[in-house]
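Heads up: the structure comes next, in structure tokens.
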Amino acid sequence: MDEAVVRHPAPKPENPSSHHALNADPIRSDPVSYPSAGRAWFAVAMLTGLYIFSYIDRTVLTLLVGPIRQDLQISDTEVSLLHGFAFALFYTFLGLPFGRLTDRHHRIGIVSIGILVWSVMTAISGFARSFWQLFLARVGVGVGEAALSPAAYSIITDYFAPDKRSRALSVYVLGSYLGMSLAYLIGGGLVAVLESAPFWDVPLAGPLEGWRIAFLAVGLPGLILAPLIWTVREPRRRGTLRLDGAAVKSVPVSELGGYLRLHWKTYSAHFLGFGLLCLLINGMALWTPTFLIRVHGWSVGEAGAVYGLMIGIFGGFGVVAGGWISDNLQKRGFRGACFIVAAVGSALAIVPTVLMPIVTDSRLMLGLMAPALFFGGIPFGLAVSALQQITPNQMRGQVSAMYQFFNNLLGIGCGPLLVALVTDYVFKDEKALGHSMAIVGGAAAVIATIVLLVGIRPYVESLKLADRWKREGD
């Protein structure tokens, strides 16, 4: 059952920073039925498909490092800024107002607008003639994509009962791995074809370099997808706060702050722990194809095809496995399952993450890449599920945007940049890229594991407190 129902305001809340609705006793009522499984999984499939395309648009840059550096005359550090900081800049800060819009307005409409923006800006990237022009185009891609995930998390949560949410949300998060995989597979082949000629004639645009065509090829199809999201029905909001029997339409920012302060230990551990894991994944995702090319002598096509398959298969299975294990543990009474499984996955990723980029044998390197991707993927669906379980509906979009804020700041913004800085300014040798990846990735995985382990107890306490504003069963 989903909607927290409040009889009347508590005259003297125990915690002055929390909303009176959060301290009142719940009223039991009959369960509210959820949409059919077919309709619910159709929504997941559509949103996951959009997430895949968004990741293709943001990830294809990783295969274009060489030609972009050569054509625009930029360094590894500047490339990392294009992939990370430029994308994350407005993605990070606009995620917060988009999250608030998600909590108050039509979520499908918000997603549709976001698709149009990021698709157009990806295509525009192909016309950049300087570092700063490409930087601004990447900022625009981030602006559009900032609308997707907070809305998607909220929509999927309202389609599924609590004991099925981790699996459903993990399937959505799987879209990031499938998107990266397809970006490397399709992008690698596309780049290989485009490199066969220095310029390609494009109607209305004239001759363009191959890397520019790649941005157009992955950006423009998004314009077709924007109308398709309207085939998903806007679900009824669940897990809502109610005052005097009526649903609270929106929660003031001050009371959102009060709720976060009440649960500060849980949210701090969540944002930092999962943010560091995002740093690990993004630091590896940008530089692994370049590492395979520079250190192991692979071609762009080989690097894209192999890494694309590896991340899609092993990373994807890791995400789904994490959701399945967590849901089953939760059914058996392990209330902290999301944090427990995430911490175990992070811990098991440490050794292969450190060893993979420093071994010299290519077969051994691939053998270590598989468990690094699998165990590193386990936590990410759980991160989303954990937030939805402790956050009221009217706050989910905003709290999800805060999660994205830390993910982008630490992961997309800092992950690729730290690897590049270590390569450029510590080793001062582009052939030492693998050692930079090992140092940054290993440190991130170790610290993330510790933070998530510390966060298990506060998370369980937050779940217990959340029971006070939820009706029984949600």
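Sorting 224-232, 435-443 by average packing, meaning the other beta carbons within 10 Å per residue, from highest down gives 435-443, 224-232.
Mean sequence separation of contacting Cα pairs (under 8 Å, at least six apart), scaled by the length of the range 353-447, corresponds to a relative contact order of 37 percent.
Classified by the C-alpha gyration tensor, the range 61-184 has a prolate form. Its axis ratio a/c, with a ≥ b ≥ c, is 1.5 or above, and a/b is larger than b/c.
A convex hull fitted around the alpha carbon atoms of the range 246-308 yields 149 Å³ per residue. Ligands, DNA and RNA left out, the accessible area of the range 334-438 computed with a 1.4 Å probe is 73% carbon and sulfur. Per residue, the convex hull spanned by the Cα atoms of the range 350-423 amounts to 93 cubic angstrom.
The values are calculated or read from the model by the stated rules, or taken from the named source; none is laboratory data. These numbers were taken from a predicted model, which means no experiment stands behind them. Backbone-built Cβ (ideal geometry, glycine too); neighbour counts: all protein chains shown. The area values use the complete protein model at the heavy-atom level, side chains included, leaving out ligands, DNA and RNA. Shrake-Rupley method; radii C 1.70, N 1.55, O 1.52, S 1.80 Å.
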